[in-house]
Amino acid sequence: MPVIRGSSAGGGTRARQAGFSMIEVLIAMLILAVGLLGFALLQTMSLRFTQSANYRTQAVNLGYDLLDQMRSNRFQAAAYAGAAGASFDVGEVAGCDESRPVGNVTIAASIDRWQCQVVEALGAAASAQVQLVDGEATVTVSWGDQRWDPDDPDAATSFSLVSRL
């Protein structure tokens, strides 16, 4: 008895379909495209938040640096406070000297160097306020960094550090 393969009820032979249909390929490409777009958005947000974390780290380090300078010079710590000291507003610090003072370094030279470091690390929108009240020093460093806020991306972010000298 002969075996007939591939016959259909209609009497003709028909090959089995192999591969993917065009609609399946298009749906797979659409899913892949949406996934890649989501990954690109994730990478963009990651870069924004990484830069913001870097600014915060710089602000913390600079605040501690100034407090350490004030601690090492406790009897003249008042020279670091207020507008005559290390405090400055946006745009007041310009034309910084990159060299580090050596030898007999004055408080004014240390303050100038610190202010330049703040502006160089945190940008031109940086400012600082230093207060000394009854032996308690407060250093507040502000900079423009709200990258995740589309309405006001340059709004000021502040970090305050309080220590008893």
Kindly write out, for the stretch 126-131 in residue order, the coupling ³J(HN,Hα) from the Karplus curve 6.51 cos²θ - 1.76 cosθ + 1.60 (θ = phi - 60°), rounded to whole Hz, with x marking Gly and Pro. 7, 8, 8, 10, 10, 10
Length added when fully stretched, Thr138-Tyr64, from 0.36 nm per residue minus Cα-Cα: 25.6 nm
Please give the length that would be gained between Arg164 and Gln51 if that part of the chain were fully extended, namely 0.36 nm times their separation in residues minus their C-alpha to C-alpha distance (nm, one decimal). 37.6 nm
Would you kindly state how much longer the chain becomes between Ala125 and Glu92 on full extension, computed as 0.36 nm times their sequence separation minus their alpha carbon distance, in nm to one decimal? 10.9 nm
Pairwise label distance in nanometres, Met22 with Asp151, each label 7 Å out on the Cα-Cβ vector: 4.8 nm
Per the 1/(1 + (r/R0)^6) rule, R0 = 35 Å and r from the Cβ atoms of Gln76 and Leu36, FRET efficiency to 0.05 is 0.05
Please report, in whole Å, how far the alpha carbons of the stretch 34-156 spread along each principal axis, starting with the longest. 63, 33, 24
R0 of 35 Å, Cβ-Cβ distance Gln43-Val105: FRET efficiency to nearest 0.05: 0.20
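Just so you know, all these numbers are worked out from the coordinates, no wet-lab data involved. What you see is a predicted model, and the numbers here were worked out from it, not measured in a lab. FYI the Cβ positions are ideal-geometry reconstructions off the backbone, even for glycines, and counts take in every protein chain you see.
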